[in-house]
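Here's the structure we're looking at; comments come further down.
The values are calculated or read from the model by the stated rules, or taken from the named source; none is laboratory data. What you are looking at is a predicted structure, and each value in this text was computed from that prediction instead of being measured. Methodologically, a virtual Cβ is constructed for each residue, glycine included, from the backbone with ideal geometry; neighbour enumeration extends over all protein chains shown.
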Amino acid sequence: MASRSIASIGSSWKQLSFNITRRTLSTSSPASASPSASNPSTSVSKSKRKKKKNLFEVAQFLPNWGIGYQMAKTHWSGVAYQITKINLYKDGRHGKAWGIVHKDGIAAADAPKKISGVHKRCWKYIPNSNKTQQIITPQSQSETQVQNQAT
C-alpha cells in the first residue's frame, strides 16, 4: 500500500514538471490552452455578419425619428417611402409607420399610407432625398424677409 502512494506521488511530480516545461516552451498563448478557445464556433477569427436593421432602428439616428426623410427596403429599386408619422412602442424598436410612396424620386401618392413590413430587417436610409437637400442648403427666414422687403 505504501509503495502505491509513493509511486503515485512520483508520477504526479513527473506530470507537474512536464506541464511546467511544456507551458514555458510552448509558442501559443496561454488563452489558447483553454477549452473554449479550441471550439471553432467561439473563436474570434470567425467573421460576423452585420445585423440588418428594421425601419425604427434606422430612423432612431435621424432627427425627429426620420419624419420627412426617405427610407426603402434594400431590395427595392426606385421605390422609397417618405416618413410622415411614426407610432413607437415602449421598447423603441417596434411600432407602426406611415409615409408617402415615392417612385424614382417623385411622389406617387398624395395621402400617406401605412407602411407594411416595418419590422423586417432590410431597411436603409436614402441619403439623397429632398429633406436632406433642404437641410444642406436651407434659405434662412431673414434672407427671405430681406428679399420680400426689397420688392
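Contact annotation: residue pairs with Cβ atoms under 7 Å, 6 or more positions apart or on different chains, pairing a residue in segment 97-119 that is within 11 Å of MET71 (Cβ to Cβ) with a partner that is of a type in the set (Val, Ile, Thr), are ALA97/ILE83; ALA97/ILE86; ALA97/ILE115; ALA97/VAL118; GLY99/ILE83; GLY99/THR84; GLY99/ILE115. Count of segment 47-73 residues, restricted to those that are among the aromatic types (Phe, Trp, Tyr) and surrounded by fewer than 16 Cβ atoms within 10 Å (Cβ to Cβ), is 1. If you check ARG121 against the conditions, is it under 20 Å from the mean Cα position of the chain (by Cα), under 29 Å from LYS51 (Cα atoms), surrounded by 11 or more Cβ atoms within 10 Å (Cβ to Cβ) and modelled with pLDDT under 90? No.
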